[in-house]
Amino acid sequence: MRTLVFLLLVAVANARVYERCEWARVLKSQGMDGYRGQSLANWVCLSQWESNYNTGATNHNTDGSTDYGIFQINSRWWCNDNQTPTSNACNINCSELLTDDISVAITCAKRVVQDPSGIGAWVAWRHHCQGRDLSSYLAGCRL
């Protein structure tokens, strides 16, 4: 347990909070615009509502699982935090989602969106982004 706490503290110390347009450019450079039919604006909106663009964000859920990182990837299904029984479908340690190296988070988000729920797997996307005009999430970004 002490090791896990230490690793999480180290990971959070290396976390980063992106600015909206900076995050949009990163997502675009990583092939997220149009990935599985999802616009870049959908990904930016999702990230804003899930973590406020913070790679070190965590959220403890009532079912005992935890959401990690900029996409709030859940420990019950997608990553292993050595606390929650997990499917670990992304085959990663949850602590890898908490650093400023977003490549693991993006790879896992791409895996999540391949499931039948697609981007709808994220509650924040369903509540704040789905069916809405998302143009403001890319406004002024010069993409």
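Before anything else, pin down the relative contact order of the chain: Cα pairs under 8 Å, at least 6 apart, normalised by residue count, whole percent.
26 percent
Hey, quick one: spin label on Gln114, modelled 7 Å out along Cα-Cβ, who in the range 62-79 has an amide N within reach, i.e. under 15 Å?
Once the point is set 7 Å along Cα→Cβ of Gln114, 78-79 turn out to lie under 15 Å by backbone N, inside the range 62-79.
Please give the per residue accessible area of the chain, computed with a probe of 1.4 Å over protein heavy atoms only, in Å².
Each residue of the chain exposes 52 Å² on average to a 1.4 Å probe.
Give me, ordered by chain and number, the residues 5 or more places off Arg76 or on other chains with an amide H under 5 Å from its own placed amide H.
Under 5 Å from the amide H of Arg76: Thr66.
If you count, for each residue, the other Cβ atoms within 10 Å and average over each peptide, how do 63-70, 39-46, 77-84, 18-25 line up from highest to lowest?
Numbers: 63-70: 21.6, 39-46: 23.1, 77-84: 19.2, 18-25: 17.8.
Top to bottom by mean Cβ count within 10 Å: 39-46, 63-70, 77-84, 18-25.
Over all distinct Cα pairs, what is the inverse of the mean 1/r for the chain, reported as the Kirkwood hydrodynamic radius in Å?
This gives a value of 15.2 Å.
For the chain, what % of the accessible area comes from carbon and sulfur atoms, probe 1.4 Å?
Roughly 48 percent, rounded to a whole number.
The values are calculated or read from the model by the stated rules, or taken from the named source; none is laboratory data. This one's a predicted model, so the numbers in the text were calculated from it and none came from an experiment. Neighbour counts are summed over all protein chains in view; Cβ atoms, including those assigned to glycine, are modelled from backbone coordinates with ideal geometry. In case anyone asks, the SASA skips ligands and DNA or RNA and just uses the protein heavy atoms, side chains included. Shrake-Rupley method; radii C 1.70, N 1.55, O 1.52, S 1.80 Å.
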